[in-house]
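Chemist: Here it is, the structure, as structure tokens.
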Amino acid sequence: MANLNIDSVKARTFDAIVIGSGISGGWAAKELTGNGLKTLVLERGRDVKHIKDYPTTFKYPWEFPHHGQMPAEVTEANPIVSRCYAFGEDSAHFFVKDAEHPYVQTKPFDWIRGYQVGGKSLLWARQTQRWSDFDFEGPARDGFAVDWPIRYKDIAPWYSYVEKFAGIAGNKDGIPELPDGEFLPGYPLNDAEVYFSEHVKKNYKNRYVISARCAHLSKPNPIHLEQGRTQCQNRDLCQRGCPFGGYFSSNATTIPWAEKSGNMTLRPFSVVESIIYDEKLGKATGVRIVDTKTKETIEYYARIIFVNAAALNTNLVLLNSTSSRFPNGLGNDSGVLGKYVAFHNYSAHISAEFDGMKEWTVDGRSPTGGYIPRFRNVYKQETDFLRGYACGFGAHRYQQHKYDGVGAGLKEGLVKGDLSPWYVSSHMMGETIPKASNFVSLDTAKKDEWGVPLLNISVDYDDNDEKMKKDYIEQLTEMFTSAGFKNIQPSTNHQAPGLDIHEMGGARMGKDPKSSILNEWNQVHACKNVFVTDGACMTSTSCQNPSLTYMAITARAANHAVDELKKGNV
Amino acid sequence: MDRRTVIKNLALVLGGAVLLPSCLHHDGTSYVQLKHINLSSDQQSLIADICETIIPKTNTPGAKDLNLPPFVLKMIDDCYNKKDQEAFLAGLNKFTDLVKSKYSSTFADLSAKDREAVLTGIENSAKTTAAAPKTPARRPKPQKNLASDPLMAFYWGVKQQTIFAYTTSQYFMTKQIFYDMVPGRYIVHYPVSKLKHV
């Protein structure tokens with residue numbers, strides 16, 4: 001790194017450039033370097049080396065200054081990131097603080113970011129459910145957004161490809177709307193979860209409660225050991241970075257793999273200002289970065305460019321890449337760039353008590369939980385809203401402590417205590433409909449300290465989301481009631497979009513260049529050597545956690561890019 | 001690779017990262033340089049005595065043995081907003097006045113029995129209000145915000161932080177319970193009868 005000779009164009013020229021090192025950028029880096037391409041990976045934040053840069057990973061609660069609680073100074077100065085469930089004294093160093101990287105909320109949007117090598121792959125919830133054609137065919141069947149240019153058969157082999165390498169724990173459930181994959185042994189459901197699963201199976205058509213597939217090494221294969229990873233140790237401290245490599249992150253998996261190839265140059269502290277477009281050649285020739293430490297502007301060149309800056313920042317980079325050919329942003333002939341942003345609706349929750357299975361509990365911790373695949377509007381339209389929701393589902397018991405009074409009795413109450421009944425709970429994960437009115441754009445006046453315009457975010461819920469939320473509460477209340485659960489407590493919240501951390505779209509894939517930015521291979525329609533394979537490419541959101549799909553889309557596009565390079569087509 | 005070997009190797013990689021944080025003074029009266037609130041050494045000493053009344057030395061160590069008061073002060077200083085801290089400080093004065101009017105004494109000069117009576121008296125008077133957390137519960141964490149009633153803000157602030165300090169102390173998590181940081185297992189259909197501590 002220190003030897004980068006910035007005076008030499010040759011030293012700044014690579015076969016490929018990958019913008020971003022998160023979950024999709026890491027995959028692009030691995031695939032491109034694995035195919036022999038000299039690849040520059042640009043990361044706007046600092047480097048985070050696996051294990052070495054997980055400073056809190058071995059700490060016991062009493063070793064933290066506030067034993068894990070957040071100081072008021074931090075929460076008051078950072079209201080947005082403080083709303084994220086994973087932001088704590090053990091993980092705060094992996095999150096962007098509100099004031100560090102401002103943006104403009106035309107409408108309230110909790111933009112949760114992780115600016116470092118590995119990005120949010122250190123912090124994700126590690127849920128990995130495949131899409132099916134019930135998802136890819138959604139927009140065409142239900143008449144929203146545009147038709148996906150790909151179908152399940154196009155992506156299925158790539159799901160398998162990334163699953164084998166990443167390591168996905170799951171069971172073969174045989175559910176058409178949630179296809180099975182290449183699984184390591186699945187984590188079991190506990191007794192109360194099994195009870196509900198059997199109840200639902202017996203009493204409801206096409207409704208299933210399964211163990212959620214997750215990116216954890218329940219039983220590593222040789223390929224995972226070769227990556228230097230070992231079995232997940234059920235610590236449930238994933239947000240600190242895992243010293244065992246028990247879950248998939250770029251840091252534990254794809255980035256070191258790319259590094260081992262000898263073909264990767266990783267450049268942290270490099271914020272991409274824009275992609276350079278050459279009018280004569282009719283393609284992109286490189287990227288312009290600002291070194292965040294020196295504020296120096298540097299150009300890097302390559303034959304292909306992968307944009308994996310995370311959904312909204314990818315939009316920002318493309319919008320800011322203007323030229324006389326593309327005055328409104330790279331590839332934006334259609335005018336849809338930045339538009340049709342969507343997310344997942346997590347704003348309803350339900351909990352209850354279960355009076356059975358009292359003689360059973362669990363020992364140890366599970367890295368995952370139960371999952372109810374979408375059951376609404378799957379085979380046909382059956383409600384007054386479009387699409388549907390998946391549900392998280394879990395049951396747990398805990399030791400009930402008494403903390404009345406003071407003195408010796410209190411001391412005893414804090415140690416002893418009966419086991420509680422099972423508590424069951426669920427949250428919704430709803431598909432939202434992409435619309436032109438949900439968009440991001442460049443602020444015309446405000447810029448960040450590197451001279452890049454701030455992003456305006458204007459994204460909101462709509463009536464469809466409200467109806468879906470209501471249906472979730474009704475359906476789950478009914479299912480819980482019929483299962484005999486007691487003290488059922490539905491709740492809704494008004495969390496801003498963004499807090500789901502599933503923002504998607506803005507540079508959507510589509511068949512028609514007039515209404516989309518990317519083709520079926522994630523190439524910018526009008527600039528074929530630029531590939532966008534992170535959340536920005538998503539035409540619709542369905543309701544599965546999206547990261548696995550980004551991985552598969554990225555691996556597919558990267559291998560296509562290599563083929564096209566070989567053929568001289570890009 | 002064996003789990004213990006992995007942990008050992010990783011600890012070697014990390015080196016100093018596993019060292020314990022530095023300790024605070026063990027002095028019973030003069031403690032901590034606070035950043036956000038002013039507490040005289042008498043006031044700090046009062047809070048330490050309340051901590052010790054909440055978690056007294058029995059046949060196991062008490063709050064002062066475990067050096068909990070400095071941590072309680074640090075939490076009140078760092079983890080409450082200004083409004084809560086103002087209520088807390090106002091409550092501290094009310095508490096002092098209450099003890100004085102009832103016993104014509106300072107808290108420090110009361111017998112252990114009277115100290116307990118003062119605290120349980122306040123706690124029982126709050127049973128019907130929202131200031132009192134519901135019981136039983138999981139091992140409690142302090143609430144993010146304090147009650148608006150100053151006396152309750154003060155009492156619950158100290159009590160919740162003392163319980164938190166105690167239940168997250170190395171002593172408690174290693175000697176009173178076993179905090180299993182690396183379970184390495186998830187077993188379902190596990191008989192309740194096999195659980196420890198129940």
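Chemist: Tell me the net charge near A:PRO102. Cut-off is 12 Å between Cβ atoms, A:PRO102 excluded, with +1 for each Lys or Arg and -1 for each Asp or Glu.
Modeler: Details: positive: A:LYS97, A:ARG113, A:LYS446, A:LYS447; negative: A:ASP98, A:GLU100, A:ASP443, A:ASP448, A:GLU449.
So the environment of A:PRO102 carries a net charge of -1.
Chemist: Another question, then. Please tell me which of these pairs span more than 30 angstrom C-alpha to C-alpha: A:LYS469/B:LYS159; A:LYS358/B:LYS175; A:LYS205/B:LYS194? Write down the numbers at each step before the final one.
Modeler: Values: A:LYS469/B:LYS159 39 Å; A:LYS358/B:LYS175 28 Å; A:LYS205/B:LYS194 38 Å.
Going by Cα-Cα distance, A:LYS469/B:LYS159; A:LYS205/B:LYS194 fall outside the 30 Å limit.
Chemist: Now for a different question. Nearest 10 degrees, 0 to 90: what angle lies between the long axis of helix A:152-166 and the longest principal axis of chain A (Cα atoms)?
Modeler: 80
Chemist: Average partner chain C-beta neighbours within 10 Å, per residue of A:189-199?
Modeler: Numbers: counts 2, 5, 3, 1, 1, 2, 0, 0, 0, 0, 0.
Mean shielding by partner chains, rounded to a whole number: 1.
Chemist: Run the simple label-point estimate for B:ASN59 and A:LYS202 please: 7 Å along Cα→C-beta, distance reported in nm.
Modeler: Once both label points are built, they end up 4.9 nm from each other.
Chemist: Relative to the longest principal axis of chain A, what angle (0 to 90°, nearest 10) does the C-alpha long axis of helix A:463-482 take?
Modeler: With both axes taken from Cα atoms, the answer is about 30 degrees.
Chemist: Would you mind checking A:LYS295/A:LYS528; A:LYS30/A:LYS293; B:LYS64/B:LYS102; A:LYS49/A:LYS107 for any pair whose Cα atoms are more than 32 angstrom apart?
Modeler: Working: A:LYS295/A:LYS528 30 Å; A:LYS30/A:LYS293 27 Å; B:LYS64/B:LYS102 26 Å; A:LYS49/A:LYS107 36 Å.
Among A:LYS295/A:LYS528; A:LYS30/A:LYS293; B:LYS64/B:LYS102; A:LYS49/A:LYS107, the Cα-Cα distance tops 32 Å for A:LYS49/A:LYS107.
Chemist: Have a look at A:ASN569, A:SER321, B:SER148 and report the one farthest towards the positive end of the charge dipole of the protein assembly as shown, computed about the Cα centre with Cβ charges (Lys/Arg +1, Asp/Glu -1).
Modeler: With unit charges placed on the Cβ atoms, the residue in question is A:ASN569.
Chemist: Right, next: Order of A:SER441, B:SER101, A:SER366, B:SER148 from fewest to most other C-beta atoms within 10 Å? Before the final figure, lay out the partial values.
Modeler: Values: A:SER441 20, B:SER101 8, A:SER366 26, B:SER148 12.
Fewest-to-most Cβ neighbours within 10 Å comes out as B:SER101, B:SER148, A:SER441, A:SER366.
Chemist: Then there's this: Can you tell me how segment A:98-190 classifies by the Cα gyration tensor, rounded, prolate or oblate, using a/c under 1.5 as the rounded cut? Intermediate results must be reported in sequence, preceding the final value.
Modeler: Numbers: a/c = 2.23, a/b = 1.28, b/c = 1.74.
Oblate shape, in that a/c is at least 1.5 and b/c is the bigger or equal ratio.
Chemist: For peptide A:62-70, compute the average count of partner chain beta-carbon atoms within 10 Å of each residue's beta-carbon. Write down the numbers at each step before the final one.
Modeler: Working: counts 12, 7, 2, 5, 7, 9, 3, 9, 3.
Per-residue shielding by partner chains comes out at 6.
Chemist: If the limit is 27 Å between Cα atoms, which of B:LYS35/B:LYS57; A:LYS120/A:LYS380; A:LYS97/B:LYS82; A:LYS260/A:LYS339 go over it? Write down the numbers at each step before the final one.
Modeler: Details: B:LYS35/B:LYS57 30 Å; A:LYS120/A:LYS380 36 Å; A:LYS97/B:LYS82 21 Å; A:LYS260/A:LYS339 39 Å.
In this structure, B:LYS35/B:LYS57; A:LYS120/A:LYS380; A:LYS260/A:LYS339 lie more than 27 Å apart at Cα.
Chemist: Continuing with the same structure: Suppose we flag chymotrypsin sites (Phe, Trp or Tyr not before Pro) only when DSSP calls them loop and at most 11 other Cβ atoms lie within 10 Å. Which is the longest uninterrupted stretch of chain A?
Modeler: By the stated rule (loop sites, at most 11 other Cβ atoms within 10 Å), A:86-378.
Chemist: Still on this model: Between segment A:84-151 and segment A:233-250, what is the separation of their alpha carbon centroids in Å?
Modeler: 19
Chemist: Rank by packing, highest mean first: peptides A:167-173, A:51-57, A:539-545, with packing defined as the count of other Cβ atoms within 10 Å averaged across residues. Before the final figure, lay out each step's value.
Modeler: Numbers: A:167-173: 21.1, A:51-57: 19.1, A:539-545: 25.7.
Going by the mean number of other Cβ atoms within 10 Å, highest first, we get A:539-545, A:167-173, A:51-57.
Chemist: Continuing with the same structure: Per residue of A:355-367, what is the mean number of Cβ atoms on other protein chains within 10 angstrom of that residue's Cβ? Spell out each step's value before the answer.
Modeler: Working: counts 0, 0, 2, 1, 5, 5, 10, 7, 11, 9, 6, 5, 1.
Taking the mean over all residues of the peptide, I get 5.
Chemist: At 222 nm, what helix-only mean residue ellipticity would chain A give, in deg cm²/dmol to the nearest 500, using -39500 (n - 2.57) for each DSSP H run of four or more? Provide the component values of the computation, followed by the final result.
Modeler: Numbers: 13 runs with 128 residues, N = 570.
Helices in chain A give a 222 nm mean residue ellipticity of -6500 deg cm²/dmol.
Chemist: Still on this structure: Which of the listed residues, B:PHE164, A:HIS427, A:HIS224, is farthest toward the dipole's positive end in the protein assembly as shown, when Lys, Arg count +1 and Asp, Glu count -1 at the beta-carbon?
Modeler: Farthest towards the positive pole: A:HIS224.
Chemist: Cross-link partners among lysines for B:LYS100, C-alpha distance below 17 Å, same-chain residues fewer than 8 apart left out?
Modeler: B:LYS113
Chemist: Relative to the Cα centre, what is the charge dipole magnitude of the protein assembly as shown, using +1 at the beta carbon of each Lys and Arg, -1 at the beta carbon of each Asp and Glu, and rounding to the nearest 20 debye?
Modeler: Working: 89 positive and 83 negative charges, 257 e Å.
Dipole magnitude for the protein assembly as shown comes out near 1240 debye.
Chemist: So how far, in whole Å, is the C-alpha centre of segment A:279-350 from the one of segment A:371-392?
Modeler: That distance is 33 Å.
Chemist: Arrange A:HIS349, A:HIS216 by Cβ neighbour counts within 10 Å, fewest through most, would you? Could you put the intermediate results ahead of the total?
Modeler: Numbers: A:HIS349 19, A:HIS216 27.
By the 10 Å Cβ count, ascending: A:HIS349, A:HIS216.
Chemist: Straight-line reach from A:LYS467: which aspartates and glutamates fall under 18 Å, measuring Cα to Cα and dropping same-chain residues less than 8 apart?
Modeler: A:ASP142, A:GLU382, A:ASP384, A:GLU431, A:GLU478
Chemist: Determine the gain in length on full extension of the stretch A:ASP463-A:LEU225; use 0.36 nm per residue of separation and subtract their C-alpha separation, reporting nm with one decimal. Mind showing how you got there, number by number?
Modeler: Working: separation 238, 0.36 × 238 = 85.68 nm, distance 4.84 nm.
Between A:ASP463 and A:LEU225, full extension yields 80.8 nm more.
Chemist: Can you find, among A:ASN78, A:VAL307, A:GLY25, the residue sitting farthest towards the positive end of the charge dipole of the protein assembly as shown, where Lys and Arg contribute +1 and Asp and Glu -1 at Cβ?
Modeler: A:GLY25
Computed from the coordinates by the stated procedures, all read-outs in this text should not be read as laboratory data. Given the structure is predicted, the values throughout are model-derived calculations rather than measurements. Note: ideal-geometry Cβ built from the backbone for every residue, glycine included; neighbour counts use all protein chains shown.
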